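So the structure is just underneath, and the comments pick up after that.
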Amino acid sequence: MEYGIIGGGLAGLSTAYHLKEESTVFERSPFVGGLSASKVVDGYTFDYGPHIFYTRSDYINQMLDGFLAGNLIRHKREAYIFTGGAYVKYPFEANLHPLEKGVIDECIEGVKNRRQKGAGNFKEWILETFGEGIAKHYMVPYNQKIWKYDLSKMNLDWIAGRVPSPSVEEMEKGARGEVKKEFGPNAFFQYARKGGIGALADAFVPRVKNLRKNCSVTRVKPLNDGVELVASEEGVEKKTRFKKVFSSAPLPELVKIVEGAPQEVTKAAESLVFNSLVCVNLGVKREKISDKHWLYFPEEKYVFNRISFPMNFSPETTPKGRSSILTEVTYREKQPDFEKTKEKVVSGLVDTGILKEDDGLEVADVTQFDYAYVIYDLNHKKNVSVIHSFLKENNIIPIGRFGEWEYLNMDKSILSGKKAAEEESK
């Protein structure tokens with residue numbers, strides 16, 4: 001019996017690529033990549049949410065070089081926080097000098113006087129790491145905006161390696177404009193010259209056998225000696241029996257279709273917390289509207305929390321003489337009105353000065369994602385453990401961001417699939 005793989009995102013493709021035995025990948029969309037896919041709209045290439053290639057894994061770097069040979073551009077990150085009408089280079093706490101003196105003093109004093117008692121949640125961690133000034137002017141409002149969740153009810157399991165933590169001396173130098181050091185794992189990154197971020201997932205396709213696109217798994221039935229999948233393709237359902245199944249489907253959706261899931265597992269899946277996302281993609285009839293890669297927006301008056309400029313990742317993403325903007329708006333539970341969101345995005349960009357009132361828009365496209373970010377609430381570990389134990393006992397192996405229910409970047413999603421395949425091959 002071969003293996004079944006639910007989901008043709010990077011984790012699923014990586015699992016199929018690394019398995020020694022035959023497998024079949026079931027992908028409900030007409031394309032591969034999941035959240036790491038790209039699409040073309042009237043000559044503009046937009047990612048499904050902005051992505052870049054960066055990793056500390058030698059294995060992933062070698063894979064990138066092999067899969068995308070000749071199709072990679074290397075960049076030094078140009079990322080900024082836009083607040084109070086000023087552009088503050090990322091990370092905020094190391095580059096305070098564009099801010100008003102009173103704000104700078106508040107941030108420096110806050111970090112000098114921070115009280116460290118041992119943070120028990122994300123909000124306490126922010127205050128203990130950065131002090132009250134930086135918390136007030138950037139870290140708390142930005143994180144409340146992106147997560148749409150009480151920061152005091154988020155745990156710390158996801159923090160390591162994600163948030164730069166400069167020293168007090170580095171912050172003081174940054175307040176004077178003296179810092180030359182680059183912070184964070186994505187200070188330098190790569191991007192595909194052609195094909196957007198989806199070029200990597202597309203490069204897996206010729207290396208993976210038995211890929212079934214436009215094919216949705218509707219039922220998963222654990223058996224004594226394997227797993228039966230029911231998949232729907234062009235309205236026709238077909239049962240297939242597998243030795244094991246690997247799944248990158250979001251845990252709440254997966255548990256719904258697994259036969260015999262006990263009440264405690266169903267309840268744990270329903271209790272998982274996540275964010276959804278709307279991306280408004282704009283094609284602008286004016287070139288070089290910005291020299292930045294991406295910008296963060298902590299202020300509440302802007303509906304978007306982050307925007308990026310695909311034309312600065314690769315000129316191949318955008319027609320000549322034009323610019324492109326990808327804006328992100330997170331939400332939870334209630335889906336926003338797309339047309340009103342577009343209007344708020346455009347008016348916000350005009351308010352910032354990034355767009356001009358008379359700029360012509362060739363594209364104003366909306367992409368929506370039910371599952372975008374995993375939220376690490378205080379019951380995250382307990383609920384995920386209950387679900388994973390049940391799945392693994394029934395030969396269903398969770399992989400990827402939404403299978404492992406972890407905030408995995410692209411490299412970690414690929415490694416998730418690799419690890420699962422290699423453990424099965426032992």
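All of the numbers you see were taken from the coordinates with simple rules; none came from a lab. Everything numeric in this text was worked out from a predicted model, so none of it was measured. When we count neighbours, we look across all protein chains shown, and the Cβ atoms used for this are built from the backbone with ideal geometry, even at glycine.
Observations on the model:
- Listed values (i) 38, 26, 20; (ii) 43, 24, 20; (iii) 42, 31, 18, entry calculated as semi-axes √(5λ) of the Cα gyration tensor in Å: (i)
- Segment residue 359-residue 300, extension gain: residue separation times 0.36 nm, minus the distance between their alpha carbons: 18.8 nm
- Subtracting the Cα-Cα distance of residue 205 and residue 69 from 0.36 nm times their residue separation leaves 47.4 nm of extension gain.
- Considering only alpha-carbon pairs that sit under 8 angstrom and 6 or more positions apart, the relative contact order computed for segment 181-284 is 16 percent.
- Rg in Å to one decimal, and Dmax rounded to a whole Å, for segment 1-119 via C-alpha atoms: 22.0, 68
- Mean-square fluctuations from a GNM of the chain, with a 10 angstrom spring cutoff on Cα atoms, peak among 139, 311, 63 at 63.
- Alpha-carbon centroids, segment 11-73 and segment 95-153: separation in whole Å: 35 Å
- Seen through its C-alpha gyration tensor, with square-root eigenvalues sorted a ≥ b ≥ c, segment 62-211 comes out prolate because a/c lies at 1.5 or above while a/b is bigger than b/c.
- Listed residue pairs exceeding 24 Å between alpha carbons, taken from 76/412; 213/267; 256/418: 213/267; 256/418
- Percent of beta bridges antiparallel (DSSP, the chain, rounded to nearest 5): 75 percent
- Listed from fewest to most Cβ neighbours within 10 Å, the set 392, 153 follows the order 392, 153.
- Magnitude of the charge dipole for segment 274-374, about its Cα centre and with charges confined to Cβ atoms of Lys, Arg (+1) and Asp, Glu (-1), is about 180 debye.
- 5 angstrom amide H check on residue 289, placed H, neighbours 5+ away: none
- Loop-located GluC sites (Glu not before Pro) in segment 352-420 whose Cβ has at most 12 other Cβ within 10 Å (DSSP): 357
- Candidates 199, 11, 187, ranked by Gaussian network fluctuation over the chain, Cα under 10 Å, top entry: 187
- Exposure proxy ranking, count of Cβ atoms within 10 Å, fewest first, for 211, 361, 13: 361, 211, 13
- For the chain, the Cβ-based charge dipole about the Cα centre amounts to some 500 debye (Lys, Arg positive; Asp, Glu negative; other atoms uncharged).
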